[in-house]
Amino acid sequence: MNLKIIFQLSLAVTFLFSCKGDKLDKIEGDHTSDKPNIVWIYLEDTAPLLGCYGEPLVDTPNIDSLATRGVLYKNVFMPAPVCSASRSSIITGMMSTSFGAQNHHSSRTTESAIYLPEQTQTIPELFKGAGYFTFNNGKDDYNFVYDRKDLYDQEYVYHPLYGKSGERLDLASLKGKEPFFGQIQMYGGKEIFNSKFKENVASPVDRSQIKLPPYLPHHPAIVEEYANHLDAIQITDEKVGEIMGKLRENDLLKNTIVFFFSDHGMRLTRNKQFLYDGGLQVPLIIADFREGKSKIQTGSVNSDLIAGLDLGTTALALAKIPIPENMEGRDIFNESIGPREFVISTRDRCDFTIDRIRSVRSKEFKYIRNFMTDRPYTQPTYMDFDKVEFVGVMKQLHAEGKLNEAQDRFMAAVRPSEELYDINADPFELNNLAQNPQYSRVLEKYRSVLNQWVLETDDKGQYGEDEAGLKFMLGIWGKDCVNPEYDVLRKKYPNFEGSLVYLKREPSKKVEPDFVGTPLFDIEGDQLVQFSLRPIDAE
C-alpha cells in the first residue's frame, strides 16, 4: 500500500511505562539485555517535507520505511527556531530560558560563562549513570559550561564560536559497547552548503512543480531555495539508509529504538529564527526494532502536541531511567498524564541580531508576543552578512512594490505586539486576529498562559543579555551589530568591534584525551588574551 495513504490514517499509540524521580547516579540490578540502545538521528534545519508526511515531490524510501516500523508524529514543535537554543533545551529537558542559555552561541568565553542549575544532569549524563555508553557524532552546540567527558565517551574537537563536536565514531565499533545512547548528527537542510551538493542529488526535484507557501513570491531564487531544501532531504534519506544498514549489518538494530528528528525548521523567510510553524515544526519518527519487546504500534500516526523538550525525557523513560523532577519534558508514551495543551517557544538573540519573541501553540491557535516592536522582522541577520540570495530578493521586491499583502506584511518597518492565528482555518499564519473583537476571549486566554509561564519559569529573556555575551558578538560580527545595545559597548571598548571576526574561520582544535573541564577563552578589555584549550572548572 502507498505510504502516503498509510500515514493519513490516524491510529492510536499504546503507551510505555515511565516514572519521575530524584537525580539518578546509577541504576543497580538491571541487565544489559533489558536495556534498549537509543539512537537519535538528529538533523539540522529540516522541515517535515518528507514522503511519509505527504510531500509528493521527494523520494524518501529509507525515512518512510523507518516510519512504517514506528510512530510518525504530526505536531512536533521545537523550543526555539535556532540551533544552540533548541539543542540546549533538548539535551537538558528544560527550556533554555529557565537557566539563561536562550541567546544563540552564548557561554563561549570565560567572562560570559553560563552554568546549569546546581544538581542538574543532562540527558546523556543520566544515561551514563545508568550504565550506557554514550556518544554524539557531530556538534553539540550547547550554551552552557560542561565537561564533555561527563556526557560522552568519545574524543572531540572545539571551535571558539561553534563549540564542541564529537569526532565521528564508526558505528561498527559499538559492538560490545551495548547498551548505548548515541546521537548521530546529520546536516539535513544544511546539505545545501556542501560544495558537492548538486552532484550529490541523484534525482533533482522538478522546479516547475514547486508550490510555495502563500507568504513567498514565486521568484526563481526563492523557488530554487525551496527546491534545494527538498533535494537536501533526498540526500539525507540516502544517508539515513546507510546508518540503518550499518546498524543492521553489525547486529545492533535488534535491540535499538531509533528517534528521527530535526533541531528546528528550514532556512527561509518567516521560518528559521522565527516562531511561525515554519521555524518550529519538525518531523519526528520513533521506531522500536526490538523483537517481541516493542509496545509501539508500527505504522501509526500520532497527532498529539509534542514539544522538543519531550525527546530526551521520552528516551529516558524507554530505557526505564527515572526522569528528574526539574526536567520540563514529558514521556510522550505515558498516557496517564495526557497530551500537552500548549507548547511554548522562544526566540532571543540570534548571532548579532537582538530580539525577544515568545509563542504559545495549541492544536487550535498560535499566539505570538513581540517584545521589541520597533525592530522590523527583517532587521539584519547572518543571512544578510552571508548575502543569501532569497533575502536580497525579498527586500528588492518589497522596495519595488511587487509583493502582495500576505508577502509584504513580514517586510514592515514595525510589528504588532501581539499576533493570534487560527491554525486550522489559517495554517500559514497570515490573518492576525489579535485586534478582532470576536477573538478577545481567546486572546486573553493565550496571553494569560504566556504571562503565567514567564512568571513560573522566571523566563531569563526578560532581563536582557549581560555585557560579556554581547561584547563577544560585537567582536565576532563587527559593524553588522546594528542594535542600539551595541552602541554602549562601542564607546566602552572602541577598538573591539570586529576584532574577533577571524575566529569564525579558525579550524576546530583537537581536545586531548586527558583534558579536564570545558575549553573557553579569555577576553580582557579590548584584547583577546588567549584562544587556547584552557579549562574552566564548572562551579
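The values are calculated or read from the model by the stated rules, or taken from the named source; none is laboratory data. Keep in mind the model is a prediction, meaning the values are calculated, not measured. All Cβ positions, even for glycine, are placed from backbone atoms using ideal geometry, and neighbour counts span all protein chains on display.
Below, the figures for the structure above:
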quantity: Checking LYS139 against (1) surrounded by fewer than 17 Cβ atoms within 10 Å (Cβ to Cβ); (2) touching a residue at least 24 places away in the same chain (Cβ under 8 Å), the condition it does not meet; calculated: (1)
quantity: Near pairs, Cβ below 7 angstrom, 6+ apart or cross-chain, from the stretch 417-445 (free of Cβ contacts under 8 Å to residues at least 12 places away in the same chain and assigned by TED's automatic domain parsing to the domain that holds LYS363) to any residue that is charged (D, E, K, R) and surrounded by fewer than 14 Cβ atoms within 10 Å (Cβ to Cβ); calculated: none
quantity: Qualifying residue in the stretch 291-301 (condition: buried (at least 20 other Cβ atoms within 10 Å of the Cβ), assigned by TED's automatic domain parsing to the domain that holds LEU252 and over 28 Å from LEU49 (Cα atoms)); calculated: no
quantity: Unique residue being of a type outside the set (Lys, Arg), at pLDDT 95 or above and closer than 21 Å to SER88 by Cβ when the list is LEU174, LEU161, LEU151; calculated: LEU151
quantity: Any chance GLY182 is assigned by TED's automatic domain parsing to the domain that holds ASP263 and either polar (S, T, N, Q) or buried (at least 23 other Cβ atoms within 10 Å of the Cβ) (or both); calculated: yes
quantity: Total residues in the stretch 260-276, condition hydrophobic (A, V, I, L, M, F, W, C) and part of a strand (DSSP E or B); calculated: 2
quantity: Boolean, TRP477 is at pLDDT 95 or above and under 20 Å from PHE371 (Cα atoms); calculated: no
quantity: Only listed residue being touching a helix residue (DSSP H, G or I) at 6+ places or on another chain (Cβ under 8 Å), under 27 Å from GLU225 (Cα atoms) and at pLDDT below 50, chosen from LEU3, LEU57; calculated: LEU3
quantity: Qualifying positions in the stretch 185-202 - small (Gly, Ala, Ser) and surrounded by 19 or more Cβ atoms within 10 Å (Cβ to Cβ); calculated: GLY188, GLY189
quantity: Helices (runs of 4 or more DSSP H) within the stretch 334-417 that include 3 or more residues over 25 Å from ASP487 (Cα atoms); calculated: 389-399, 405-408
quantity: Residues (of a type in the set (A, V, I, L, M, F, W, C) and surrounded by fewer than 24 Cβ atoms within 10 Å (Cβ to Cβ)) located in the stretch 77-112; calculated: CYS83, ILE91, PHE99
quantity: Hits in the stretch 269-289 (condition: at pLDDT 95 or above and either in contact with a helix residue (DSSP H, G or I) (Cβ under 8 Å, 6 or more places away or on another chain) or over 22 Å from ARG358 (Cα atoms) (or both)); calculated: ARG270, ASN271, LYS272, GLN273, PRO283, LEU284, ILE285, ILE286, ALA287, ASP288, PHE289
quantity: Residues that are of a type in the set (A, V, I, L, M), assigned to a loop (DSSP other than H, G, I, E, B) and in contact with a Leu (Cβ under 8 Å, 6 or more places away or on another chain), drawn from the stretch 145-179; calculated: VAL145, LEU161
quantity: Test: residue in the stretch 225-242 that is touching a strand residue (DSSP E or B) at 6+ places or on another chain (Cβ under 8 Å) and either in the same structural domain as ILE285 (by TED's automatic domain parsing) or assigned to a helix (DSSP H, G or I) (or both); calculated: yes
quantity: Of all residues in the stretch 318-347 being under 23 Å from LYS363 (Cβ atoms) and hydrophobic (A, V, I, L, M, F, W, C), the one that is modelled with the lowest pLDDT; calculated: ILE337
quantity: Hits in the stretch 328-348 - residues which are within 14 Å of PRO79 (Cα to Cα), of a type outside the set (Gly, Ala, Ser) and crowded, with 21+ Cβ neighbours inside 10 Å; calculated: ARG330, VAL343, ILE344, THR346, ARG347, ASP348
quantity: Test result for ILE321, of a type in the set (A, V, I, L, M) and crowded, with 24+ Cβ neighbours inside 10 Å; calculated: yes
quantity: Boolean, ILE306 is farther than 28 Å from LEU169 by Cβ and not assigned by TED's automatic domain parsing to the domain that holds ARG415; calculated: yes
quantity: Number of positions in the stretch 277-320 that are within 13 Å of PRO36 (Cα to Cα), of a type in the set (Gly, Ala, Ser) and part of a helix (DSSP H, G or I); calculated: 2
quantity: Candidates PRO376, PRO427, filtered to the one that is over 22 Å from VAL82 (Cβ atoms), in contact with a helix residue (DSSP H, G or I) (Cβ under 8 Å, 6 or more places away or on another chain) and surrounded by fewer than 16 Cβ atoms within 10 Å (Cβ to Cβ); calculated: PRO427
quantity: Residue match in the stretch 432-449 (condition: under 27 Å from the mean Cα position of the chain (by Cα), surrounded by 18 or more Cβ atoms within 10 Å (Cβ to Cβ) and modelled with pLDDT of 95 or more); calculated: yes
